[in-house]
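Read through the structure below, which is laid out as structure tokens, and then see the notes.
What follows is calculated from the coordinates using simple rules that are stated; it is not laboratory data. In this text the structure is predicted, and so the values were computed from the model without any measurement. Heads up, the Cβs are rebuilt from the backbone with ideal geometry, glycines too, and the neighbour counts pull from every protein chain shown.
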There are 2 protein chains.
Amino acid sequence: MNAHAMQPFTVRATPCADGANLVEISPGLRLQGFVMTFEENEEVFGEEEPADFVYKVVSGVCRTTRLLRDGRRQVSAFQLPGDVFGLERGVTHRRSAEAVSPCDVALVRSSVLRRAMDRDALAANQVWALTAAELERTEEHLLLLGRKTAAERVGSFLLSLSQRCGSFRTLDLPMSRSDIADHLGLTIETVSRTMSLFVRQGAIGLESARCVVLKHRDALTDPS
Amino acid sequence: MNAHAMQPFTVRATPCADGANLVEISPGLRLQGFVMTFEENEEVFGEEEPADFVYKVVSGVCRTTRLLRDGRRQVSAFQLPGDVFGLERGVTHRRSAEAVSPCDVALVRSSVLRRAMDRDALAANQVWALTAAELERTEEHLLLLGRKTAAERVGSFLLSLSQRCGSFRTLDLPMSRSDIADHLGLTIETVSRTMSLFVRQGAIGLESARCVVLKHRDALTDPS
DNA sequence: CGTCCCCTTGAGTTATTTCAACACTCGTGG
DNA sequence: CCACGAGTGTTGAAATAACTCAAGGGGACG
């Protein structure tokens, strides 16, 4: 189901918190937009759909995914509050995006952003920096998928998520084992076993399946 | 060995073919620069080195790589003639680059490019498009590394290289099995075995280890 | 209280790696 | 001209990391 198709009918757009419907794409680049709410696992946009909007997570967590025909799935990245996603070079989205948890997402029309970029070199440079940062994260993830073991993948994932969340001790995982597995190129069983291994080693504690206590960060650190 | 350190001493800079030392970073964005020649396996720049230059392949092939401390290596991408690489958001390179084959590479000072981007929205947008295209290719590669089998990886690689080269029947591989393996997250033995499998299946022919004849593209196509 | 979904754990399987040996190519030097 | 050695690629056999299949546990929610 395409969330956009519903937009004119389900009036879920609301003004942005920071004033007159303005969305801050990057520091100093505010554009007209609106906020939509998505529930868990609801699609934000689909592969091959027109890329009419650019998105920024206000609250909650999203994921961008690619599928093979036989159903194998790769979760390219998780988007945390503040992250921008769905910005494309062409006219269609090349992957789909869904809400991992209930989400508020700010939308800005791609055409509005494009116009700002065409007019204003500063805006264009800020958007470039966003894309370049995303490229950096993606290349880091290439190394993880290409050359790290299951334990290193899970360890790297927990550390990087805790850094992005700013939570240094207790880490609440918003996503399922299945999401983690498809992000790390593993199966849910391997993710689960690896977590259990870390618990046995005393590297982490599991208050619940979704609540991790980081006890010895060094034990999770890999030889990067 | 750092190629830049040598630059003042080994005068390898030569004027660009297209006139007054101008390097075409993208269509319509020409900046002052110069050309350097690298021999096979010579380092173009190293991880953590100052990112003083941006590079564009004139002839030959380069690779960008990341290393883990224990020597495991991930080849992020191969750069073919016309490809731009080494453009960073920060002040240092986050991976190293080496020549896969003897190369002519055009260099433009990062500061020169930055100035053009700051001054000129069109330039900034063209550079954004370059980075966004690189991100697209990198995300495609995520799917390969995360979810494809060895045969699918090698098949995808051969097809994508042939498309980039514009060579639809005979494909000359400029890189070693080791480079291919580290790009595809496999070992050299698995790459070799997979190629042999394709030969036995009649999907390709191997005139030599580095010269592939694509016989049945369909047999290499994966369920993407 | 039952049901569903998510997660965990165990046992057996398999794709890929590891280790080892051998073949081929190419340049050098006898 | 051929022998030699180094680098690169191929192939086989054994080992293993991760997967698959299957069963059971636990929490949330009606």
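Loop-located trypsin sites (Lys or Arg not before Pro) in region B:122-211 (DSSP state other than H, G, I, E, B) with a sparse environment of at most 14 neighbouring Cβ atoms within 10 Å: B:Arg169, B:Arg210. Charge dipole of the protein assembly as shown (Cα centre as origin; +1 on each Lys and Arg Cβ, -1 on each Asp and Glu Cβ, all else neutral): 480 debye, rounded to the nearest 20.
For A:Ala51, the residues 5 or more places off, or on other chains, whose built amide H falls under 5 Å of its own are A:Thr92, A:His93. What's the FRET efficiency of B:Glu48 with B:Arg169 using the Cβ-Cβ distance as r and R₀ = 41 Å, to the nearest 0.05? That gives a FRET efficiency of 0.45. Largest GNM mean-square fluctuation among A:Pro50, A:Pro27, A:Pro174, using chain A with Cα springs under 10 Å: A:Pro27. Of the chymotrypsin sites (Phe, Trp or Tyr not before Pro) found in region B:115-206, the ones in coil according to DSSP and having at most 11 other Cβ atoms within 10 Å of their Cβ are B:Phe168.
Classify the protein assembly as shown: rounded, prolate or oblate, from the alpha-carbon gyration tensor (a ≥ b ≥ c, eigenvalue square roots; a/c under 1.5 rounded; otherwise prolate if a/b is larger than b/c)? Oblate is the answer for the protein assembly as shown, as a/c is 1.5 or above yet b/c matches or exceeds a/b. Exposure proxy shown here: for A:Asp52, A:Asp218, the number of other Cβ atoms within 10 Å sets the order, fewest to most, as A:Asp218, A:Asp52. Under the rule that an exposed site lies in a DSSP loop and has at most 11 other Cβ atoms within 10 Å, name the longest stretch of chain B with no GluC sites (Glu not before Pro) of that kind, not counting the sites themselves. No qualifying site falls inside B:49-224, the longest such stretch.
Could you pull out every whole DSSP H run in chain A that spans at least 18 Å of Cα extent along its own axis and averages 1.6 or higher on the Kyte-Doolittle scale? Qualifying helices: none. A rounded overall shape is assigned to region A:149-221, the ratio a/c of its alpha-carbon gyration tensor axes (a ≥ b ≥ c) being less than 1.5.
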